[in-house]
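Report on the following structure.
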Amino acid sequence: MTKHIDRTVDRKGTEAKASDTAHDIQLQEFSRYLMVQNLSPNTIRSYLFAVRQFFQFYPQLTYPNLQLYKLYLLEHYKPQTVNLRIHGLNSFLAYLEWPNERLMQVRIQRKAYLDQIISEGDYEYLKSRLLQDRNYLYYFLIRFMAATGARVSEVIQFTAEDIAAGYKDIYSKDNKVRRIYIPALLQADTWVWLRQTGRLSGDIFLSRSGKRITARGVRGQLKSIARQYHLDEQVMYPHSFRHRFAKNFIESCSNISLLSNLLGHESIETTRIYLQRSSSEQKAIINEVVDW
């Protein structure tokens, strides 16, 4: 009896190991499939994590198991994360040429206001303090984010050659080109800085070791700068300056279609949020208008 149980356990263990090996091979092939799609390394890591997590819970790929996994995600993660994991799994199903249904993404309720965006006053104050303290690296970094609308991952890729040209072309995952323009004043000021530092070619946003700074490093440093200058840490993150660009642009130029193109949004509906007021702006208007 004991020998029979031992053989059963051994057989199950062998089957589990074989299943794990098969999944590992699939994931390696799926990773290569994603690379061909020109997805970013972060997106690829996220998609692979979703597939690994699914197989940890449900060794068999069935539609009921996919639905159970979706329920697990809904109970443990925010909607944006749930949709990212679902997108990853659906990409895996497309890679497998899965004939059945795909998982539906969850609908995210859009806020009726923008929040946690650095104010124009704080942005101007921050620039003046960074300039005063000769922190030119972050002075120009936040100016580039706020004056071009580029993502931090895009800004850190700017080179001296881009400054000379007055723009940078960014290639998306589907090989589309988005041109990020450098305003003339920012271009002139940056060129003066580069000449003073002797950097007339290559990356312009460099760490002390001479390597290109990272998006993660920028996020951490912005929090330190917020504490240094007694600014709200909640609004001191890279995307806040991209939001600042969008708000300023839409208030100066009502061409929302152009703004959508400049920001690289796939849908103009994503851009429409910048037509709305921030919660602090809404409160200020209410305090001014409502006197009854």
- What are the residues in region 75-94 that are in contact (Cβ under 8 Å) with a residue 60 or more places away in the chain and open to solvent by 40 Å² or more (accessible area, probe 1.4 Å), if any? none
- Query: Quick check, is residue 127 at pLDDT below 90 and either surrounded by 14 or more Cβ atoms within 10 Å (Cβ to Cβ) or more than 30 Å from residue 202 (Cβ to Cβ) (or both)?
  - Reply: no
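Kindly evaluate residue 178 against the criterion of being open to solvent by less than 50 Å² (accessible area, probe 1.4 Å), out of contact with any His (no Cβ under 9 Å at 6 or more places or on another chain), charged (D, E, K, R) and under 24 Å from residue 245 (Cα atoms).
yes
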- Do we find a residue being in contact (Cβ under 8 Å) with a residue 60 or more places away in the chain and outside any loop (DSSP other than H, G, I, E, B) anywhere in region 95-108? yes
- Query: Considering only helices (runs of 4 or more DSSP H) fully contained in region 208-276, which possess at least 2 residues that are of a type in the set (A, V, I, L, M), open to solvent by less than 40 Å² (accessible area, probe 1.4 Å) and on the phi < 0 side of the Ramachandran plot?
  - Reply: 215-228, 238-252, 256-263
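Counting only residues that are among the β-branched types (Val, Ile, Thr) and farther than 30 Å from residue 204 by Cβ, which one in region 101-124 is modelled with the highest pLDDT? Give the derivation first.
Filtering region 101-124 down to residues among the β-branched types (Val, Ile, Thr) leaves 106, 108, 117-118.
After this cut, where a residue has to be farther than 30 Å from residue 204 by Cβ as well, the list is 106, 108.
Numbers: 106: 83, 108: 68.
Applying the filter and picking the extreme gives 106.
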- Looking at residue 201, is it farther than 24 Å from residue 39 by Cα, among the small types (Gly, Ala, Ser) and in contact (Cβ under 8 Å) with a residue 24 or more places away in the chain? yes
- Message: Show the residue pairs meeting these rules: Cβ distance below 7 Å; 6+ apart or different chains; first residue within region 176-189 and closer than 15 Å to residue 260 by Cα; second residue open to solvent by less than 50 Å² (accessible area, probe 1.4 Å) and among the charged types (D, E, K, R).
- Response: 177/169; 179/169; 180/154; 180/168
- Any chance you could count how many residues in region 126-169 are assigned to a helix (DSSP H, G or I), closer than 18 Å to residue 184 by Cα and among the hydrophobic types (A, V, I, L, M, F, W, C)? 12
- Restricting attention to region 21-63, the residues that are buried (at least 17 other Cβ atoms within 10 Å of the Cβ), outside any helix (DSSP H, G or I) and at pLDDT below 85 number exactly 1
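The values are calculated or read from the model by the stated rules, or taken from the named source; none is laboratory data. All figures in this text were calculated on a predicted structure; none of them were measured in a lab. Don't worry about glycine lacking a Cβ; one is built from the backbone with ideal geometry, like all the others, and counts go over all protein chains shown. With ligands, DNA and RNA removed, areas are computed over all heavy atoms of the protein, side chains included. Shrake-Rupley method; radii C 1.70, N 1.55, O 1.52, S 1.80 Å.
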